[in-house]
1. Test of understanding: among ALA83, ALA38, ALA18, ALA96, which residue is under 24 Å from VAL334 (Cβ atoms) and out of contact with any strand residue (DSSP E or B) (no Cβ under 8 Å at 6 or more places or on another chain)?
2. Kindly check whether there is at least one residue in the range 189-199 that is within 16 Å of the ligand (Cβ to nearest atom), buried (at least 22 other Cβ atoms within 10 Å of the Cβ) and outside the structural domain of GLY369 (by TED's automatic domain parsing).
3. Residue pairs, Cβ under 7 Å, 6 or more apart or interchain, first in the range 293-305 and over 16 Å from ALA325 (Cβ atoms) and more than 13 Å from the ligand (Cβ to nearest atom), second part of a strand (DSSP E or B) and of a type in the set (Lys, Arg). List them.
4. Does GLU21 qualify as being outside the structural domain of GLN229 (by TED's automatic domain parsing), more than 16 Å from the ligand (Cβ to nearest atom) and either surrounded by fewer than 15 Cβ atoms within 10 Å (Cβ to Cβ) or in a helix (DSSP H, G or I) (or both)?
5. Within the set of pairs 6+ apart or on separate chains, which have a first residue in the range 243-261 that is over 19 Å from VAL299 (Cα atoms) and in the same structural domain as ALA70 (by TED's automatic domain parsing), a second that is within 16 Å of the ligand (Cβ to nearest atom) and among the polar types (S, T, N, Q), and C-beta atoms under 9 Å apart?
6. Out of all the residues in the range 237-271, which are of a type outside the set (A, V, I, L, M) and within 13 Å of the ligand (Cβ to nearest atom)?
7. Grab the strands (runs of 3 or more DSSP E) fully contained in the range 338-452, keeping just those with 1 or more residues being without any contact (Cβ under 8 Å) to a residue 24 or more places away in the chain.
8. Given the criterion touching a Phe, Trp or Tyr at 6+ places or on another chain (Cβ under 9 Å), within 25 Å of LEU210 (Cβ to Cβ) and of a type in the set (D, E, K, R), identify the matching residue among ASP239, ASP259, ASP304.
Amino acid sequence: MTVTESAPEAGASTGARAAHEGILRRQSARESAARTYARALPIVPVRARGLTIEGADGRRYLDCLSGAGALALGHNHPVVLEAIRGVLDSGAPLQALDLATPVKDAFVTELFRTLPPGLAGHARVQFCGPAGADAVEAAFTLVRAVTGRDPIVAFAGAYHGMTAGARAASGHAPDVRVARLPYPQDYRCPFGVGGTEGAELAARWTESVLDDPKSGVPLPAGVIVEPVQGEGGVLPAPDAWMRRMRRITADRSVPLIADEIQTGVGRTGAFWAVDHSGVTPDVMVLSKAIGGSLPLAVVVYHEDLDVWGPGAHAGTFRGNQLAMAAGTATLAHVRENRLAERAAELGSRMLSRLSELERTYPCVGEVRGRGLMIGLEFVDPDGAQGPCGARPAAPALAAAVQRECLHRGLIVELGGRGGSVVRLLPPLTISDEQAAAVLDRLAEAVGAAARSQPGPRGPGRAEPPE
Ligand code: PLP
């Protein structure tokens, strides 16, 4: 596919456009008010390949949402399709609960060979219900069974899913069983210093809360951390802080749970994001890309923790053979083609080009990321600066950038506090030429959104100074 082929097409037939509009109209009349992506992205995908989605109206889009990070190899990658067809043609059962099958055996073998070295030879895996949140809940059940303790420690800004326990750990629903501690970040550092010092203060705070019998936070059953916060606004945790978390938890016999649901399978420039720091977690929760675009979720943990009994965590749809085959093909393709290294290298080139936007537009507060997990935080350039230089978040501007991107045939996601971060999660297979097209469209969209912003000095206040 060339970049020219993926450019938006204006010339869809009237019939196609009417079909597209009809589907969207029926969706808004019939589907829930809780729908999300469908509101910001009024497209009707009918075909997709790699980075490209074709809509029912004939328009083509470069998809940097990638099914919320579930598509490591983009849409309909040939190795994924071949693996799915292989299962379909073999007559294997498609649903197998947690029974042993050759397809599952191959998946576990491939998964285990990718694990951090400290876990690889000693791992156990529990297949969960199909969503990432199922794996998070299973991990909480596991560490509670192991420690006999109840509370979970999570971090401010975290996102772990939408089931009750996962929501509580994400800070959506305050819950006495979950305590939240500061996550290190430079731009909006909770301690107002950022950098190594900010991360050190965050670690010390965690340590003192865990050790102080009067902190109000009892010794937890587990600590759950995203090595890069995704929905929280693309915030990579410093490697040294990750190692501190490992030491702090190990010293107190608290299992460390790494949520690699979004960061896993090469996304951040290492196969697992914990590999950057060399940390071996006790538990890893995995989903999204491990199913090769189909629903699959697992908890992987050290064999010493395997103390729970039969049925401690169950679920009907734990045996999705198509997802396991697609996942095996994806994991193997990423490993054999060194796509994690490719993500690291291309990601850093994309970040340095995007930094030009930060220098040019006062409304681009910070550009950050790791590998092909990239975010641009939009701010109000007229707002007061915080201690680390951060200005007030500008979610409306980020939403305007997302709309301008869509108008130019580019699909991006929003995240961060209040939705002020434009996020890019392109497939790891994206070519240099496609990456350049993504960045061109994004740069144009930022310029257009900045020009159209109303403000005290009228439209254009977010534009670069003369
Ligand atoms: N954990 C992380 C880090 C995620 O990004 C997500 C989803 O975006 C989840 C957990 C929840 O996964 P799911 O939506 O499949 O339940």
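The values are calculated or read from the model by the stated rules, or taken from the named source; none is laboratory data. Predicted model, so just to flag it, every value in this text is computed and none were measured. Reconstructed Cβ throughout: ideal geometry from the backbone, glycine too, with neighbour counts over all protein chains shown.
1. Numbers: ALA38 fails: under 24 Å from VAL334 (Cβ atoms); ALA18 fails: under 24 Å from VAL334 (Cβ atoms); ALA96 fails: under 24 Å from VAL334 (Cβ atoms).
ALA83 is the lone residue from the list that is under 24 Å from VAL334 (Cβ atoms) and out of contact with any strand residue (DSSP E or B) (no Cβ under 8 Å at 6 or more places or on another chain).
2. Quick first cut of the range 189-199, residues within 16 Å of the ligand (Cβ to nearest atom) only: none.
No, the range 189-199 contains no residue that is within 16 Å of the ligand (Cβ to nearest atom), buried (at least 22 other Cβ atoms within 10 Å of the Cβ) and outside the structural domain of GLY369 (by TED's automatic domain parsing).
3. Sorted first by the residue in the range 293-305, then by its partner, the pairs are TYR301/ARG124; GLU303/ARG124.
4. Values: outside the structural domain of GLN229 (by TED's automatic domain parsing): yes; more than 16 Å from the ligand (Cβ to nearest atom): yes; either surrounded by fewer than 15 Cβ atoms within 10 Å (Cβ to Cβ) or in a helix (DSSP H, G or I) (or both): yes.
So GLU21 passes the test.
5. Short answer, once both residue conditions are applied: none.
6. Within the range 237-271, the subset of a type outside the set (A, V, I, L, M) is 238-239, 241, 243-244, 246-247, 249, 251-253, 255, 259-260, 262-264, 266-269, 271.
Once the filter is applied, which keeps residues that are of a type outside the set (A, V, I, L, M) and within 13 Å of the ligand (Cβ to nearest atom), the range 237-271 yields ASP259, GLU260, GLN262, THR263, GLY264, ARG267, THR268.
7. Details: elements: 364-370, 373-378, 413-415, 421-424.
In the range 338-452, 364-370 are the strands (runs of 3 or more DSSP E) which contain 1 or more residues that are without any contact (Cβ under 8 Å) to a residue 24 or more places away in the chain.
8. Details: ASP239 fails: touching a Phe, Trp or Tyr at 6+ places or on another chain (Cβ under 9 Å); ASP304 fails: touching a Phe, Trp or Tyr at 6+ places or on another chain (Cβ under 9 Å).
That would be ASP259, the only listed residue that is touching a Phe, Trp or Tyr at 6+ places or on another chain (Cβ under 9 Å), within 25 Å of LEU210 (Cβ to Cβ) and of a type in the set (D, E, K, R).
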